[in-house]
Amino acid sequence: MQHITGLTTVVEPQWQTGLGQTGNVAPWPERVQSRKALDCGAGIGRITKHLLLPLFETVDLVEQDKDFLEAAPKYIGPSAKRVGRYINEGLQSFTPQPKEYDVIWIQWVLGQLTDEHVVNFLKRCVTGLADDGMIFIKENISKEGLVFDDEDSSVTRSPTELKALIQTAGLKILKVEKQKKFPVGLFKVEMYAMR
């Protein structure tokens, strides 16, 4: 497994197979091309470095915080030469180029967006998918309802709320999986694959 820190696994191995990595037997048939991915809410590029660049020829990063984006090339290191674009824009307004990405990866960022922003962003992401492309979401999940965090102004949604937003955006959920081996006392984490 690949790690961001000692606590957080980027993605389970069977999901890497769905992303196009060979060698593992995935329990689901969907595959994507390995040409180009988009890391949404990329921060300093942890997902890009540890998950996307090992699997894709090129990765674009979109991040609202300019300081994070400027720190990304140094954090990513030598592989940063395969980053296509560093896009300094919030997801509430970002629109990917049509049919550009084999994978759009969205991790731990939707809690910063309103429901309306999430739906509209996902609709725009659909237009940015290449043929047979997929969108992946990995988010903290509440047991029920919405949990607001006054400290960082985020919201944690239940599976019911998140699935409703995904469906309202016109996407079909292909697979849902709970994060395994996550520390007790933290929100549960779920991963969604969709088209």
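Numbers for the structure displayed
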| quantity | calculated |
| --- | --- |
| Candidates 132, 149, filtered to the one that is surrounded by fewer than 17 Cβ atoms within 10 Å (Cβ to Cβ) and in contact (Cβ under 8 Å) with a residue 40 or more places away in the chain | 132 |
| Residues of region 58-115 satisfying the condition of being of a type in the set (Lys, Arg) and closer than 22 Å to residue 127 by Cα | 85, 99 |
| Qualifying residue in region 130-142 (condition: of a type in the set (Phe, Trp, Tyr), assigned to a strand (DSSP E or B) and modelled with pLDDT of 95 or more) | yes |
| Single match in 93, 79 (criterion: over 19 Å from residue 193 (Cβ atoms), without any contact (Cβ under 8 Å) to a residue 60 or more places away in the chain and surrounded by fewer than 14 Cβ atoms within 10 Å (Cβ to Cβ)) | 93 |
| Test for residue 142: is it over 14 Å from residue 115 (Cα atoms), free of Cβ contacts under 8 Å to residues at least 60 places away in the same chain and open to solvent by less than 30 Å² (accessible area, probe 1.4 Å) | yes |
| Which numbered condition residue 127 misses (of (1) at pLDDT 95 or above; (2) surrounded by 16 or more Cβ atoms within 10 Å (Cβ to Cβ); (3) not hydrophobic (A, V, I, L, M, F, W, C)) | (2) |
| Any hit, region 115-126, residues being outside any helix (DSSP H, G or I) and not β-branched (Val, Ile, Thr) | no |
| Candidate set from region 162-175 (those that are over 22 Å from residue 132 (Cβ atoms) and open to solvent by 60 Å² or more (accessible area, probe 1.4 Å)); member that is farthest from the chain's Cα centre (by Cα) | 168 |
| Top-ranked residue in region 22-35 [being of a type outside the set (Lys, Arg) and open to solvent by 80 Å² or more (accessible area, probe 1.4 Å); ranked as modelled with the lowest pLDDT] | 25 |
| Test set (1) in contact with an Asp or Glu (Cβ under 9 Å, 6 or more places away or on another chain); (2) assigned to a loop (DSSP other than H, G, I, E, B); (3) of a type in the set (A, V, I, L, M, F, W, C) - residue 193 fails condition number | (2) |
| Tally, over region 36-76, of residues that are of a type in the set (Lys, Arg) and either within 13 Å of residue 103 (Cβ to Cβ) or open to solvent by less than 20 Å² (accessible area, probe 1.4 Å) (or both) | 1 |
| Subset of region 99-112 [more than 13 Å from the chain's Cα centre (by Cα) and either among the basic types (Lys, Arg) or modelled with pLDDT of 95 or more (or both)] | 99, 100 |
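The values are calculated or read from the model by the stated rules, or taken from the named source; none is laboratory data. All figures in this text were calculated on a predicted structure; none of them were measured in a lab. Positions of Cβ are generated from backbone atoms using ideal geometry, with glycine treated the same way; all protein chains shown enter the neighbour counts. Surface areas here come from the heavy atoms of the whole protein model, side chains and all, with no ligands, DNA or RNA. Shrake-Rupley method; radii C 1.70, N 1.55, O 1.52, S 1.80 Å.
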